[in-house]
Amino acid sequence: MIALLLTRREPRKDHSLAISAFLGIVLLMAVGDLTEVMYSIGGWTFPGVNHVVAVMMPLLLLEGPALYFYARALASKDPVRLTRKDLWHLAPFGAMQLMTIILYSTALPHTMQGPTLHDIGTDLSGPLPPERIITMLVYLPVMTLYVAMSIRELARHERQKLDYFSNLEGSSLRWLHWNIPLMGLSWGINLVLLGDNLLFNQLNPSPLVSVLIFAAWIYPLSFMALWQQPIYAPTRRSPAVEAEMDASVALPPPVSIAAPPSEGAVATVSSEARYQRSALDGERMKRIAAKIERAMETDRLYRNHALNLRNLSDHLKVSENYLSQVLNDYIGSNFYEYVNRWRVKEACDLLTNTTIRIIDIGEDVGFNARSTFNAAFRKEMGQTPSDYRTAAMRGQVPEQASVLRSPRTEAPGDA
């Protein structure tokens, strides 16, 4: 699976590199199981390999960062590149690795008669060495932290995808959102089994239980990771082009000296505050909103099934950040809802004035699935496309005022 992830062709490799690192760490930790099996059948008697395995235990503390960077790479619009600030993710591993080497080396003369490292879930014939116990105690909070950070990245993606895509098919990461708790549950069960084996020795489960728990999350994660493609295409613009696009609309506002606002103007100042935090004022937002509307009404960009915020940015020569700000703060809608209103608006016209099949209408106006078309249409019009056509044939066409909310014509603070 690692070989397939690293060799497949894709527009960006950061997510494949991250999950390959995670699977590689899991694979290395499985070497402990291999040495245990080989010792048990008498097929491997060289003790040196076991000493290498003994100091590999802190690698567990790299599973969390690798999982986090995988979630971060999938949820990021631009490829994730590691920086010096990311080195702090290696701190728990580095500290535990140093401590493990020191503790294990001091006990080395007593460890030459056989394996001293046992993987979680295997039969523990003797007490665990102190470095193993300390690593497991550190591993639990560290892994919990990175699981929480990974879920936070996935939640961020769920919010931002509505501001970026006009069709959501293929942008969901719910499989990973559910697989991460499954991994946590499996680790928790294995820790319970380990604790019972060390302290109480009451459960005495078969070693196959641990193997089955491991398979329950590693197989789904591996195959879904291989299936998962990059959600966001890498940017094709240089920083200089981005700056030029920003400068085209972000001219500094004229400087004027005004008297302190009166008590009655406090509400107006408050309403303008969010615009003054950026390079856009109300008038520039109004111009960008008009450009967006022309792109939809005249150029009919919404008919493009794969339309996203970057496509609109390329078409209008306006940066994605400004477009997103205008859509959310000025027009009052995220990108997904705004584009689909235009699609529903044209669909209403085609349903009323033509006999084109409903499924073809949905495809013509930009929806790439009938279920998505029906859901968006029902949300805006309160009924399905077929019910709307039936009502239109009877002369009972409902009002379409809710289909598209036009941008406000006044600048902030004029109302």
What pairs come out if I take residues in region 338-363 that are under 16 Å from residue 386 (Cβ atoms) and not assigned by TED's automatic domain parsing to the domain that holds residue 166 and pair them with residues that are part of a helix (DSSP H, G or I) and of a type in the set (S, T, N, Q) whose C-beta lies under 9 Å away, six or more apart or interchain?
351/386; 358/374; 358/386; 362/372; 362/374
Is there a residue being buried (at least 16 other Cβ atoms within 10 Å of the Cβ), small (Gly, Ala, Ser) and modelled with pLDDT of 90 or more anywhere in region 378-389?
no
Looking at region 1-79, what helices (runs of 4 or more DSSP H) fall wholly within it and have at least 3 residues that are out of contact with any Phe, Trp or Tyr (no Cβ under 7 Å at 6 or more places or on another chain) and at pLDDT below 80?
31-40, 48-54
Would you confirm whether any residue within region 219-239 is at pLDDT below 80, surrounded by 14 or more Cβ atoms within 10 Å (Cβ to Cβ), of a type in the set (Val, Ile, Thr) and not in a loop (DSSP other than H, G, I, E, B)?
no
Can you list residue pairs whose Cβ atoms sit under 8 Å apart, with the first residue in region 80-96 being under 17 Å from residue 17 (Cβ atoms) and the second being surrounded by 13 or more Cβ atoms within 10 Å (Cβ to Cβ) and among the basic types (Lys, Arg)? Count only pairs 6 or more apart in sequence or on different chains.
80/72
With closer than 21 Å to residue 66 by Cα, assigned to a helix (DSSP H, G or I) and at pLDDT below 75 as the only criterion, which of 190, 179, 197 stands out?
190
Of the conditions (1) outside any helix (DSSP H, G or I); (2) at pLDDT 55 or above; (3) not hydroxyl-bearing (Ser, Thr, Tyr), residue 260 clears all except one; give me its number.
(2)
Of all residues in region 74-85 being loosely packed, with under 13 Cβ neighbours inside 10 Å and not aliphatic (A, V, I, L, M), which is nearest to residue 177 (Cα to Cα)?
78
State all residues of region 158-180 that are more than 15 Å from residue 229 (Cα to Cα) and not hydroxyl-bearing (Ser, Thr, Tyr); if no residue qualifies, say none.
158, 159, 160, 161, 162, 163, 165, 167, 177, 178, 179, 180
What pairs come out if I take residues in region 299-325 that are assigned by TED's automatic domain parsing to the domain that holds residue 366 and within 15 Å of residue 368 (Cβ to Cβ) and pair them with residues that are outside any helix (DSSP H, G or I) and among the aromatic types (Phe, Trp, Tyr) whose C-beta lies under 8 Å away, six or more apart or interchain?
305/367; 308/164; 308/165
Verdict on residue 284 being within 30 Å of the chain's Cα centre (by Cα), part of a helix (DSSP H, G or I) and either at pLDDT below 95 or aromatic (Phe, Trp, Tyr) (or both)
no
Within region 322-362, count every residue that is over 28 Å from the mean Cα position of the chain (by Cα) and not in a loop (DSSP other than H, G, I, E, B).
15
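The values are calculated or read from the model by the stated rules, or taken from the named source; none is laboratory data. Since this is a predicted model, take the numbers as computed values, not measurements. Please note: Cβ atoms are built from the backbone with ideal geometry, for glycine as well, and neighbour counts cover all protein chains shown.
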